[in-house]
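Here's the structure, in structure tokens; my notes come after.
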2 protein chains.
Amino acid sequence: MALSEFEIIKQYFTRSTKQPGCELGVGDDCALLTVEPGMQMAVTIDTLVENVHFFTDVDAQALGYKSLAVSLSDLSAMGAEPRYATLALTLPEVNALWLQGFSDGFFELADQYHLDLIGGDITRGPLSITIQAHGVVPDGQALLRSGAGIGDLIYVTGVIGDAGLALKSCRGDVQCCDPLMLNRLHKPEPRVEAGLVLRNLASACVDISDGLAADLSHVLQASKVGAVVNADELPLSEAVQSYQQRNSQPDFALTAGEDYELCFTVPEKNVKQLEISSRNWSYPCTCIGRIDNSGQLSFLKNGQRIEITGNSYQHFS
Amino acid sequence: MALSEFEIIKQYFTRSTKQPGCELGVGDDCALLTVEPGMQMAVTIDTLVENVHFFTDVDAQALGYKSLAVSLSDLSAMGAEPRYATLALTLPEVNALWLQGFSDGFFELADQYHLDLIGGDITRGPLSITIQAHGVVPDGQALLRSGAGIGDLIYVTGVIGDAGLALKSCRGDVQCCDPLMLNRLHKPEPRVEAGLVLRNLASACVDISDGLAADLSHVLQASKVGAVVNADELPLSEAVQSYQQRNSQPDFALTAGEDYELCFTVPEKNVKQLEISSRNWSYPCTCIGRIDNSGQLSFLKNGQRIEITGNSYQHFS
């Protein structure tokens with residue numbers, strides 16, 4: 001089967017658009033978007049490369065889902081509502097089964113948020129996926145990294161470290177963990193609803209892709225503040241707790257990447273409302289520390305300061 | 001030298017933003033854009049892959065320039081004014097000299113149009129470049145492929161076939177041509193000014209990336225019309241004319257890709273104004289045919305119909 005790029009687009013990636021404001025989607029030189037007055041457009045672009053971000057034998061459907069999830073996680077961290085995506089797909093060959101799986105996974109998540117695929121590019125080459133996601137947020141309500149204030153409380157959604165442990169399992173470094181744990185790596189759920197609620201409550205927000213310690217550091221740098229995180233309060237699964245103990249690695253969850261949870265700061269005055277609002281979320285919302293004026297990020301365990309030894313993932317380092 | 005992705009972004013890809021409407025650029029989870037009322041945003045994403053879209057030994061500066069030029073050409077074909085770009089760069093290694101060259105080339109073109117780089121992603125893997133360009137166009141004035149009407153005249157900017165001939169020269173298929181000709185392949189000039197003027201004059205427009213015959217076909221399909229193109233009227237350089245004669249390949253320029261010229265249709269009533277407006281362009285504007293109701297695309301040479309034998313570039317075909 002030798003489908004051309006146009007046939008691939010038509011067969012696997014053309015759907016009717018559902019979002020308001022999309023005047024023109026797939027099929028012309030550009031897509032055309034209208035942003036309603038009073039709203040800003042938030043845009044984010046991410047690439048996943050074979051053998052760097054995913055294994056060659058990863059399930060195509062999970063990959064299609066995750067490729068979009070990574071971008072929606074960035075939108076969530078800004079408090080933006082997902083609207084549109086573009087997809088640049090580089091394929092070594094045309095494999096109909098793979099394309100159907102990838103497309104199914106992509107649209108599984110897209111449909112959940114009524115997100116439209118409005119354009120893209122299909123090229124030949126080593127497998128990689130680049131997605132730009134576009135969301136909207138009311139003027140002035142976007143959650144920036146730079147807004148954390150001294151005294152604000154630090155929260156995290158969900159549990160952290162599971163994806164990192166699942167990655168170790170895929171690499172054969174630890175015994176294979178259960179399918180639910182693998183799902184945390186392969187099909188992360190972007191915290192879109194939390195991001196929307198946090199628009200009015202959080203002072204700063206970031207999504208955890210490189211590891212909690214590294215990503216929270218970005219917030220501290222942008223906000224020119226410090227913080228103390230109580231490692232005893234970290235929301236961890238039993239599997240991660242057990243792994244940390246067995247390996248005397250108390251900071252594993254702090255440096256493991258790919259969680260795609262949100263880490264955010266909340267001024268004291270909004271804490272009550274956060275507690276009420278977060279009750280509707282299907283995942284935990286846990287206070288793990290506090291912003292201070294120390295200019296650095298410290299971690300406490302049993303009241304003692306611990307050093308971070310693990311390295312969060314960095315390309316080229 | 002082992003720069004991290006953050007250091008690469010800071011050193012080579014962070015500039016102050018110049019465009020109105022960019023509230024937040026490089027450095028957060030998303031960039032934030034405001035589109036003024038009455039304007040639509042046009043977006044287009046394209047990937048260039050090593051050994052598919054460019055040779056390994058291509059000059060980094062030319063590559064940085066061309067990667068953006070390809071996207072600006074798409075904006076031009078919609079009549080959109082360039083505003084912002086995002087860049088997803090996948091690199092096999094950190095090479096400071098290469099990065100400086102690529103960045104210089106990218107910003108050489110970006111600065112020409114006061115375009116801001118507002119975000120991106122740097123990943124490790126086989127060299128490839130994905131750029132999404134964002135432009136604006138007043139509501140309802142975008143040039144679509146679907147607007148060509150029967151009787152409209154067909155025009156093309158610049159000359160065609162030069163990039164295709166230069167590509168043959170790079171491959172060693174023909175004798176090395178002069179540097180100006182190579183520039184037509186390596187540093188195509190997007191026809192931004194023409195696109196802006198054509199908003200009010202053209203009924204349909206496309207940029208020539210796959211070859212005039214293939215790209216004009218897209219317009220005919222979208223507009224549900226046919227056309228006759230007079231191959232004797234095609235604007236060709238002496239080098240391309242000579243190549244076509246030597247090789248008895250009268251359709252070479254029609255099927256050669258990478259021209260990044262605009263092909264557009266103009267209703268008879270706007271022809272006079274087009275002639276006046278196009279006098280200010282630094283490249284020719286040539287009438288090459290007419291839209292008809294035949295439902296097909298025909299080419300005439302010396303009054304005789306010719307068949308197109310060359311194939312325009314298609315991935316996977």
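Read-outs throughout are calculated quantities, based only on the coordinates presented, and are distinct from any laboratory measurement. Predicted model, so just to flag it, every value in this text is computed and none were measured. Here the Cβ positions follow ideal geometry from the backbone for every residue, glycine too, while neighbour counts run over all protein chains shown.
Numerical summary
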read-out	value
Equivalent-ellipsoid semi-axes of the range B:125-186, from the Cα gyration tensor, Å, largest first	32, 21, 10
Of B:Thr286, B:Thr123, B:Thr255, the one that fluctuates the most in a GNM where chain B has Cα springs shorter than 10 Å	B:Thr123
J(HN,Hα) series, the range B:160-170, from Karplus relation 6.51 cos²θ - 1.76 cosθ + 1.60, nearest Hz, glycine and proline x	10, x, 4, 5, x, 5, 4, 4, 4, 5, 4
Distance from the range B:14-75 to the range A:263-311 (C-alpha centre basis), Å	36 Å
Trypsin sites (Lys or Arg not before Pro) restricted to the range B:218-317 and DSSP loop, no more than 14 other C-beta within 10 Å	B:Lys224
Other-chain or far-sequence residues with amide H under 5 Å of B:Gly226's (modelled H)	B:Asp292, B:Asn293, B:Ser294, B:Gly295, B:Gln296
Rh by Kirkwood over Cα pairs, then Stokes-Einstein D for the protein assembly as shown at 1.306 mPa s and 10 °C, µm²/s	62 µm²/s
³J(HN,Hα), Karplus 6.51/-1.76/1.60, whole Hz, each residue of the range A:71-80, x for Gly, Pro	6, 5, 5, 5, 4, 4, 5, 9, x, 8
Separation of the A:Ala96 and B:Val271 label points, Cα + 7 Å toward Cβ, nm	4.8 nm
Dipole of the range A:177-317, positive direction: furthest Cα of A:Ala204, A:Tyr283, A:Gln249, with charges on the beta-carbon	A:Ala204
Cα-based equivalent ellipsoid of the range A:69-152: semi-axis lengths in Å, sorted from largest, via gyration tensor	31, 14, 11
Three semi-axes of the equivalent ellipsoid, the range A:194-262, Cα gyration tensor, whole Å, largest first	24, 14, 11
For A:Leu24, distant residues with modelled amide H under 5 Å away	A:Leu32
Helix-only mean residue ellipticity at 222 nm for chain B, each DSSP H run of n ≥ 4 adding -39500 (n - 2.57), per residue, nearest 500	-9000 deg cm²/dmol
Long-range amide H partners of B:Gly211 with built H, under 5 Å	B:Glu258, B:Asp259
Cβ-vector label at 7 Å, A:Ser242, separations to other copies in nm	7.7
Compactness relative to 2.2 N^0.38 Å, alpha carbon Rg of chain B	1.02
Gaussian network model of chain A, Cα within-10 Å springs - most flexible of A:Val219, A:Val156, A:Val35	A:Val35
Per-q log10 I(q)/I(0), the range B:145-306, q = 0.11, 0.15 Å⁻¹ (Debye; single scatterer per alpha-carbon; no solvent)	-0.42, -0.77
Per principal axis, descending, Cα span of the range B:5-138 in whole Å	44, 30, 22
Pairs from A:Lys10/B:Lys224; B:Lys224/B:Lys269; A:Lys66/A:Lys224; A:Lys18/A:Lys66; A:Lys224/A:Lys272; A:Lys66/A:Lys301 whose Cα-Cα separation, in the structure shown, is over 24 Å	A:Lys66/A:Lys224; A:Lys224/A:Lys272; A:Lys66/A:Lys301
The range A:10-78: trypsin sites (Lys or Arg not before Pro) in DSSP loop, at most 16 other beta carbons within 10 Å	A:Arg15, A:Lys18
Local electrostatic count, B:Val159, Cβ distance below 11 Å [Lys/Arg +1, Asp/Glu -1]	-3
GNM result for chain B, Cα springs below 10 Å: residue of B:Val229, B:Val159, B:Val94 fluctuating most strongly	B:Val94
